[in-house]
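Here is the structure we will look at.
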Amino acid sequence: MKNLLAATQTAVFRALKTLESDADLLAATGGKMKVYTHVPENVKPPFLKIGQLSSANEAEGYDQVERVTVEVIAIWRGAGNSGLLAMIHSAQAVLDGQEGLSEDAQIQPPYMLNKEVSEAAADGETYVGVINFEMLVEPAE
């Protein structure tokens, strides 16, 4: 039995990691933006983090097919939320409908379920966005 959650997290991480060198996103975020599965201590925004992963069995019998939901969290600090909106848009662009995300598993093209953007936090300049994707995943043949 294949660990499909791990394969999915790795595939999503690799896709999002390409954004660290995306010229348009770097321009929108002041030349810096990182992607994490675990955010190290004392890291300052902007960054994307792979959040909650969940799966549901979609197989019949002994087959292994899972419907996986992946949460991507964006954290932005700055005047206004334009950097956050650019991060959310870029995450959607590299994941939504993309084929061939993994060699370790067969991942049907993810689709965006929903996205949310917060108001500024109490400091007046920290914003959080969440975008959720869903995809069917099964072991690679």
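The values are calculated or read from the model by the stated rules, or taken from the named source; none is laboratory data. Just so it is clear, the structure is predicted and the values come from calculations on it, not from any experiment. Every residue, glycine as well, gets a Cβ built from its backbone with ideal geometry; the counts of neighbours run over all protein chains shown.
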Original post:
without any contact (Cβ under 8 Å) to a residue 24 or more places away in the chain, at positive phi and not aromatic (Phe, Trp, Tyr) - does that describe any residue in segment 79-92?
Top reply: yes
**OP:** Of the conditions (1) surrounded by fewer than 17 Cβ atoms within 10 Å (Cβ to Cβ); (2) touching a Gly at 6+ places or on another chain (Cβ under 9 Å); (3) assigned to a loop (DSSP other than H, G, I, E, B), residue 45 clears all except one; give me its number.
**Re:** (1)
Original post:
Considering only residues of segment 67-100 that are among the charged types (D, E, K, R) and in contact with a strand residue (DSSP E or B) (Cβ under 8 Å, 6 or more places away or on another chain), which is farthest from residue 113 (Cα to Cα)?
Top reply: 77
Subject >> Residue match in segment 7-17 (condition: buried (at least 19 other Cβ atoms within 10 Å of the Cβ), among the aromatic types (Phe, Trp, Tyr) and within 13 Å of residue 91 (Cα to Cα)) >> reply: no
Subject >> Where a residue in segment 19-46 is closer than 12 Å to residue 84 by Cα and its partner, wherever it lies, is charged (D, E, K, R) and not in a loop (DSSP other than H, G, I, E, B), with Cβ under 6 Å and at least six apart >> reply: 45/77
Original post:
Right, residue 79: farther than 22 Å from residue 19 by Cα and at pLDDT below 95 or not?
Top reply: no
**OP:** Being in contact with a Lys or Arg (Cβ under 9 Å, 6 or more places away or on another chain) and over 20 Å from residue 135 (Cβ atoms) is the filter here, so list the residues in segment 71-83 that pass it.
**Re:** 75, 77, 83
Original post:
Picking from 32, 17, which residue would you name as being in a loop (DSSP other than H, G, I, E, B) and charged (D, E, K, R)?
Top reply: 32
